[in-house]
Amino acid sequence: MKHKRRNIVLIGFMGSGKTTLGLKLSYLLRMPVEDTDKLIERQEGRSITQIFADDGESYFRELETELLRKCGEQKYERILSVGGGTPVNPVNRPLLHQCGTVVYLRVSPEVVYERLKNDTTRPLLQCEDPLTRIRELLEIRDKIYAECADIILDVDNRHSDELAEELQLQLRKQKDIQRKKER
Ligand code: S3P
């Protein structure tokens, strides 16, 4: 059987480096890269912060699911970086798998905090004590991300160039395994 064309789906917490790694990988693999948050902002004509403020988180989550469905149905191959909360909704998990190979970028709360302490674009982290909030959310989400993933990459203290190369190797291995299964 011919090998199926598949997207590469990057999941992980806010600040785990999905966007940066997506761009590097896009260059290495000569594949287009897209970001679900950016697609939602473009579709809605307003920022994520504004969507949360106007219509609430649950409306944003509906948009995420709708978009993921569309991405899974589209035929072209790409790297898709998804918002940190996407795998949390159980409805989205099979949709992520339908999209392609799921890669989890695992990061520690301390690294996220350092990277995002001055960021104002993540509504969930605009609170008195963002580090505690990051710890609480990651405590819940790490298991979910890991269960969703075909490949897990630990990203703390590692340069995105090195990560992109490692991921390229892992994806090749994954493809070989997949090919053998499909024969
Ligand atoms: C969120 C992550 C954000 C964005 C929204 C909610 C989350 O995306 O979708 O602010 O629940 O973790 P990034 O992971 O790209 O920052």
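Within region 157-174, residues that are closer than 15 Å to S16 by Cβ reach partners that are among the basic types (K, R) and at pLDDT 95 or above with beta carbons closer than 8 Å, at six or more positions or on different chains, in the pairs S160/K24; L163/K24; A164/K24.
On the stretch given as region 10-53, residues that are within 10 Å of the ligand (Cβ to nearest atom), aliphatic (A, V, I, L, M) and in a helix (DSSP H, G or I) total 3.
A search for C-beta distances below 6 Å between a residue of region 19-46 that is on the phi < 0 side of the Ramachandran plot and any residue that is part of a loop (DSSP other than H, G, I, E, B) and within 13 Å of the ligand (Cβ to nearest atom), counting only pairs 6+ apart in sequence or on different chains, returns T36/V82; T36/G83; D37/G83; E41/S47. Just so you know, in region 120-129 the residues that are in a loop (DSSP other than H, G, I, E, B) and touching a residue at least 24 places away in the same chain (Cβ under 8 Å) include one that is surrounded by the most Cβ atoms within 10 Å (Cβ to Cβ), and it is R122. Given the structure, is T132 in a loop (DSSP other than H, G, I, E, B) and within 16 Å of the ligand (Cβ to nearest atom)? No.
Screening D55 with (1) more than 18 Å from the chain's Cα centre (by Cα); (2) modelled with pLDDT under 95 gives one miss only, at (2).
The values are calculated or read from the model by the stated rules, or taken from the named source; none is laboratory data. The structure displayed is predicted, hence computed values, not measured ones. No Cβ is skipped: glycine too gets one built from the backbone with ideal geometry, and neighbour counts run over all protein chains shown.
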